[in-house]
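Data first, discussion second: the structure below is written as structure tokens.
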Amino acid sequence: MDISVLQIFVEVMRQGNFAAVARDRNVDPSSISRAIASLEQELGIRLFQRTTRKLSPTEAGIIYFERIESLVEEIEQAFDVVNDVSSQPKGKLRITASVSFGLKCIIPLLPKFESLYPDLRVDLLLTDAVVDLLTDRIDVAVRLGMLADSTLIAQRLIPTHYLVCASQDYLKRSKQLEKPTDIENHNCLLFPLPGFRSRWIFKDQKGEISEVSVSGRTIISSAIALQECAIAGMGLALLPNWLVKEDLRVGNLVHIFPDYAVTATDFNTAAWLVYPSRTYIPLKVKVFIDFMKNFM
């Protein structure tokens, strides 16, 4: 039995359709359909019920998937072990990160990474959606903030903290900002997540915490867009340090309350490198993790 066909079957079961698997593999959906049909013929059972609108696994398909999923993962892991014997990482490394973190922190490092590892092909998925690593065959993800409990393995990449920022132009033509509560009299650029668009939380040097209500005319779902609007003088923005450090250095933005820690959710946040929980970590994942830790 062809292992590649079994891999396709597992991917179809995880993703729920032929088209998604075809996109991942950069092949025509008809080739995925033919692979599943050949497996069904070899097994003598129907694995999926097909209609023009829906693909549903049969009872036999579910049972078969439950029995072979771990076996296919073991075989794939064996391939990784054999390939890593060469001590030179190769193959495809599939990474995901948020759009803002990817553009600001990963893309600038890619030329250096690819020059160090010319036999690796990088497949970088930038999305603000939380991607399922197994379903989408992701080798390593960068996740921001607090991590939810899961079976995934995580290593902290960098600690993160937030800053209230504005442009020099905005500050010159607006009311003074001497203390956090003054924010209530200013236009804030808001992010459409719970907390980010209703109140910001401050902690002073004594550890005392206070919440300040925020409001504004603009809500944007992109951190980079908020950054650009703040630079353009449209208002105050709560932005992560890794996003604005260069703007602060060159004067595009001003850190308004340097004596306070500030957040919209939790003060203990970080950027994390996350990968599937497996007993063996492929060399391609190890070198990416080490590279990011060294250059971030």
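Placing +1 on the Cβ of every Lys and Arg and -1 on the Cβ of every Asp and Glu, with no other charges, gives region 40-177 a dipole of roughly 1040 debye about its Cα centre. I'd like the antiparallel share, as a percent to the nearest 5, of DSSP beta bridges with both residues in the chain. So the antiparallel bridges amount to about 70 percent of the total.
Using the Karplus curve 6.51 cos²θ - 1.76 cosθ + 1.60 with θ = phi - 60°, what ³J(HN,Hα) values do you get for each residue of region 257-264, in whole Hz, with x for Gly and Pro? Taking θ as phi minus 60°, the curve returns 10, x, 8, 10, 8, 9, 7, 10 Hz for region 257-264.
With the charge dipole of the chain set up from +1 on Lys and Arg Cβ and -1 on Asp and Glu Cβ about the Cα centre, the Cα lying farthest toward the positive end among the listed residues Pro111, Ile3, Ala37 is that of Pro111. In order along region 19-28, the phi-based Karplus estimate (6.51 cos²θ - 1.76 cosθ + 1.60, θ = phi - 60°) of 3J(HN,Hα) comes to 4, 5, 5, 4, 4, 4, 8, 6, 10, 6 Hz; Gly and Pro are listed as x. For the residue pairs Lys179/Lys203; Lys245/Lys286; Lys206/Lys293; Lys112/Lys293; Lys203/Lys293, the alpha carbons lie more than 20 Å apart in Lys245/Lys286; Lys206/Lys293; Lys203/Lys293. Near the amide H of Arg199, within less than 5 Å, lie the amide hydrogens of Val214, all on another chain or at least 5 residues away, with H placed in the peptide plane.
Per-residue accessible area (protein heavy atoms, 1.4 Å probe) orders Leu177, Leu134 as Leu134, Leu177, starting from the largest.
GNM on the chain, alpha-carbon springs under 10 angstrom: the most fluctuating residue among Arg249, Arg23, Arg53 is Arg53.
Could you work out the relative contact order of the chain? I mean the mean sequence separation of Cα pairs under 8 Å and 6+ apart, divided by the number of residues, in percent. Relative contact order for the chain comes out at 22 percent.
For region 37-180, DSSP calls about 25 percent of its internal beta bridges antiparallel. For region 88-161, the relative contact order works out to 43 percent when only alpha carbon pairs closer than 8 Å and six or more residues apart are counted.
Structure remark: mean-square fluctuation, Gaussian network model of the chain, C-alpha springs under 10 Å; the largest value among Pro282, Pro180, Pro111 belongs to Pro111. Coupling constants for region 210-227 follow from the phi torsions by the Karplus curve (6.51 cos²θ - 1.76 cosθ + 1.60, θ = phi - 60°), and in residue order they are 9, 9, 10, 5, 10, 8, x, 8, 10, 10, 10, 8, 10, 5, 5, 5, 4, 4 Hz; glycine and proline get x. For region 208-285 versus region 114-140, the inter-centroid distance based on Cα atoms is 23 Å.
In the elastic network of the chain, a GNM with C-alpha springs shorter than 10 Å, the most mobile of Leu55, Leu147, Leu133 is Leu55. Database remark: amide H of Val122 closer than 5 angstrom to the amide H of Leu93 (H placed geometrically; neighbours at sequence offset of 5 or more, or on other chains; Pro and chain starts carry no H). Please compute the net charge surrounding Ala141, taking Lys and Arg as +1 and Asp and Glu as -1 over other residues with Cβ under 13 Å from its Cβ. So the environment of Ala141 carries a net charge of -2.
Relative contact order for region 199-261: 33 percent, from Cα pairs under 8 Å spaced at least 6 residues apart, divided by residue count. Among the protein heavy atoms of region 237-296, carbon and sulfur supply 48% of the accessible surface, probe 1.4 Å, non-protein parts ignored. Just to be sure I follow: if Rg is taken over the C-alpha atoms of the chain and Rh is the Kirkwood radius over the same atoms, what is Rg/Rh? The Rg/Rh ratio comes out at 1.08.
The values are calculated or read from the model by the stated rules, or taken from the named source; none is laboratory data. Quantities reported herein were computed from a predicted structural model and do not represent experimental measurements. Here the Cβ is made from the backbone with ideal geometry for all residues, glycine too, and neighbour counts use every protein chain on show. When the accessible area is computed, the model is the full protein with side chains, heavy atoms only, and any ligands, DNA or RNA have been set aside. Shrake-Rupley method; radii C 1.70, N 1.55, O 1.52, S 1.80 Å.
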